[in-house]
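> Right, I'll just put the structure down here and ask away after.
The values are calculated or read from the model by the stated rules, or taken from the named source; none is laboratory data. Given the structure is predicted, the values throughout are model-derived calculations rather than measurements. Backbone-built Cβ (ideal geometry, glycine too); neighbour counts: all protein chains shown.
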Amino acid sequence: MVRAAVLPAPGQPLQLVELSLPEPGPGQVRVRIAATGVCHSDLSLARGTLRQPVPAVLGHESAGTVVSVGEGVTSTAVGDRVVLCWAPPCGQCWFCGQGEPWLCEHSSDAAAVPYASVDGEPVYPGLSTGGFAEETVVSARAVLPVPDAVPLEHAALVGCAVMTGVGAVLKTARVRAGQSVLVVGLGGVGLSVVQGARLAGAGAVIVVDRAPEKLELAMSMGATQALEAGGELAKQVRGLTERRGADHAFDCVGMAETIRACWSSTRRGGTTTVIGIGGKEQVVSFTALEIFHFARTLQSSVYGSTDPFTDIPEVLEHAAAGRLDLGALVGRSVGLDGIAGAFEDMERGIGVRTLVVPSS
Ligand SMILES: [Zn+2]
Ligand SMILES: [Zn+2]
């Protein structure tokens, strides 16, 4: 039996339960979780904005140690320090064949298969991971090795926020050295965008948030100008970019208002990359004339347009070499009983990434 935080149904509070977790089957591994970051998608799953069969153990940004392996597993062994990937591409479907593994049709299949039980009732692994628990069982394809120089508590964030944010800059938008970058919304993903922009050698990195302490944190990570949300953003950004607007904008909020503000803040020919996951009620509008005149690009970035099998090791290498400061993204740590509080902080926009340490 392992302790886990289970979501009984969308809209209900998480419950701490004793989970019976079977030994790993063929091609699977069992991982003792060192830490799991609390991601905005967990909140969306808990509310029902994102769909996931329930009851489910949420938590999909995890790292830990392999404690047992199933039949036929050769890619990893007991004792390995690993980061978990919630969307391992299948390598077989049409999208994988196109070289777009982040759109793989089967990368989330495991989320719909029960993997454990509580009092005999089946339980699903949230986003195929089930990280809010002492241990989990996942596909061996969903774990990648962590270099010794990177603490597991930091590596956990690479599983979601860092791949999403850094990937959006390097892979989706392909920001070039010297280009100006606007980042709206400074959660774990937004701050990863800031670090990715530095890695890309961006020029001006303008950051926007409601919380002054997050703006300060972003400045310490290499942002060059901080703007408190609420002003006339496009005008403010033009004032900082020789009246042209930014080359790139990254929306890490996912609201109609912020997406539209990002788009209006880019230069003619500029690009807005939407990373935030918005709701169906958010409607963004443009006039036909401005779409033509400004010749801008509006695109989304799913999982940072990354291939986890090659890009997770690359990002961990950047962290091991000190080119990414994962530690700066980590806020406070809580036990499994502290997740509800972490959700509340996230809703109010307080603090940076909260880590759930199941053993605490
Ligand atoms: Zn996430
Ligand atoms: Zn695929």
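> Answer yes if at least one residue in the range 230-248 is closer than 18 Å to H40 by Cβ and among the small types (G, A, S), and no otherwise.
At the first step, the residues of the range 230-248 found to be closer than 18 Å to H40 by Cβ are none.
No, there is no match, as no residue in the range 230-248 is closer than 18 Å to H40 by Cβ and among the small types (G, A, S).
> Being of a type outside the set (G, A, S), in contact with a Gly (Cβ under 8 Å, 6 or more places away or on another chain) and away from ligand 2 (no atom under 16 Å from the Cβ) is the filter here; which residues of the range 93-122 pass it?
Within the range 93-122, Y115 is the sole residue that qualifies.
> Looking at the range 141-154, which of its residues are more than 16 Å from ligand 2 (Cβ to nearest atom) and over 22 Å from R3 (Cα atoms)? Outline the logic, then answer.
First, pick out the residues of the range 141-154 that are more than 16 Å from ligand 2 (Cβ to nearest atom): 143-154.
Correct list: L144, P145, V146, P147, D148, A149, V150, P151, H154.
> Right, something else. Going through K171, K214, K235 one at a time, which residue ends up being under 18 Å from the mean Cα position of the chain (by Cα) and surrounded by fewer than 22 Cβ atoms within 10 Å (Cβ to Cβ)?
K171
> Could I ask something else about it? Restricting to the range 157-207, and then to whatever is in contact with a Cys (Cβ under 6 Å, 6 or more places away or on another chain) and outside any helix (DSSP H, G or I), can you tell me which residue is farthest from ligand 1 (Cβ to nearest atom)?
V184
> How many residues, within the range 67-101, are under 27 Å from G304 (Cβ atoms) and either within 16 Å of ligand 1 (Cβ to nearest atom) or of a type in the set (S, T, Y) (or both)?
8
> Across the range 42-66, which residue is nearest to ligand 1 (Cβ to nearest atom) among those that are in a loop (DSSP other than H, G, I, E, B) and of a type in the set (V, I, T)? Quick ask: steps written out before the conclusion?
Residues of the range 42-66 in a loop (DSSP other than H, G, I, E, B): 48-55, 58-61.
Then keep just the ones that are of a type in the set (V, I, T); that gives 49, 54.
Working: T49: 13, V54: 18 Å.
Ranking the candidates gives T49 first.
> Can you name the residue in the range 15-56 that is within 23 Å of the chain's Cα centre (by Cα), of a type in the set (A, V, I, L, M) and modelled with pLDDT of 95 or more and, of all such residues, is surrounded by the fewest Cβ atoms within 10 Å (Cβ to Cβ)?
To start, the set of residues in the range 15-56 that are within 23 Å of the chain's Cα centre (by Cα) comprises 29-56.
Next, only the ones that are of a type in the set (A, V, I, L, M) stay: 29, 31, 33-35, 38, 43, 45-46, 50, 54, 56.
Checking which are modelled with pLDDT of 95 or more leaves us with 29, 31, 33-35, 38, 54, 56.
On the way: V29: 26, V31: 30, I33: 28, A34: 22, A35: 25, V38: 26, V54: 18, A56: 26.
Here the answer is V54.
> Continuing with the same structure: Looking for something in contact with a helix residue (DSSP H, G or I) (Cβ under 6 Å, 6 or more places away or on another chain), free of Cβ contacts under 8 Å to residues at least 40 places away in the same chain and of a type in the set (A, V, I, L, M) - is there at least one such residue anywhere in the range 122-138?
The answer is no, given that none of the residues of the range 122-138 is in contact with a helix residue (DSSP H, G or I) (Cβ under 6 Å, 6 or more places away or on another chain), free of Cβ contacts under 8 Å to residues at least 40 places away in the same chain and of a type in the set (A, V, I, L, M).
> Of the numbered conditions (1) on the phi < 0 side of the Ramachandran plot; (2) in a loop (DSSP other than H, G, I, E, B), M219 satisfies every one except a single condition; which is it?
Just one mismatch for M219, condition (2).
> Is there a residue in the range 282-296 that is surrounded by 23 or more Cβ atoms within 10 Å (Cβ to Cβ) and either under 18 Å from the mean Cα position of the chain (by Cα) or outside any helix (DSSP H, G or I) (or both)?
Looking only at the range 282-296, we keep the residues that are surrounded by 23 or more Cβ atoms within 10 Å (Cβ to Cβ), and these are none.
No; the residues of the range 282-296 include none that is surrounded by 23 or more Cβ atoms within 10 Å (Cβ to Cβ) and either under 18 Å from the mean Cα position of the chain (by Cα) or outside any helix (DSSP H, G or I) (or both).
> Going by the conditions given, is C85 within 16 Å of ligand 2 (Cβ to nearest atom) and free of Cβ contacts under 8 Å to residues at least 60 places away in the same chain?
Details: within 16 Å of ligand 2 (Cβ to nearest atom): yes; free of Cβ contacts under 8 Å to residues at least 60 places away in the same chain: no.
So C85 fails the test.
> Still on this structure: Could you list, in sequence order, the residues of the range 68-82 that are without any contact (Cβ under 8 Å) to a residue 60 or more places away in the chain and either within 16 Å of ligand 2 (Cβ to nearest atom) or of a type in the set (G, A, S) (or both)? Break it down stepwise before answering.
Quick first cut of the range 68-82, residues without any contact (Cβ under 8 Å) to a residue 60 or more places away in the chain only: 68, 71-72, 74, 77-79.
Correct list: S68, G72, A77, G79.
> Identify the residue in the range 102-118 that is of a type in the set (G, A, S) and closer than 18 Å to V2 by Cα and, among all such residues, is nearest to ligand 1 (Cβ to nearest atom). Show your work before the answer.
If we filter the range 102-118 for residues that are of a type in the set (G, A, S), which is where we start, we get 107-108, 110-112, 116-117.
Still in the list and also closer than 18 Å to V2 by Cα: 116-117.
Details: A116: 21, S117: 25 Å.
Among residues in the range 102-118 that are of a type in the set (G, A, S) and closer than 18 Å to V2 by Cα, the one nearest to ligand 1 (Cβ to nearest atom) is A116.
> Out of the residues in the range 15-41 that are β-branched (V, I, T) and in a strand (DSSP E or B), state the one that is nearest to ligand 1 (Cβ to nearest atom).
Just the residues of the range 15-41 that are β-branched (V, I, T), to begin with: 17, 29, 31, 33, 36, 38.
Cutting the leftovers down to in a strand (DSSP E or B) gives us 17, 29, 31, 33, 36.
Details: V17: 22, V29: 21, V31: 17, I33: 15, T36: 10 Å.
Among those that are β-branched (V, I, T) and in a strand (DSSP E or B), it is T36.
> Also, quick follow-up: Taking the stated definitions as given, is A200 closer than 16 Å to G167 by Cβ and modelled with pLDDT of 95 or more? Break it down stepwise before answering.
On the way: closer than 16 Å to G167 by Cβ: yes; modelled with pLDDT of 95 or more: yes.
Considered against the rule, which asks whether it is closer than 16 Å to G167 by Cβ and modelled with pLDDT of 95 or more, A200 comes out as yes.
> Next question. Cβ-Cβ distance below 8 Å, separation of 6 or more or different chains: which pairs start in the range 268-294 with a residue that is within 12 Å of M255 (Cα to Cα) and end on one that is modelled with pLDDT of 95 or more and among the polar types (S, T, N, Q)?
Here the result reads V274/Q299; V274/S300; V274/S301; I275/T164; I275/S300; I275/S301; G276/T258, each pair linking the range 268-294 to a residue that is modelled with pLDDT of 95 or more and among the polar types (S, T, N, Q).
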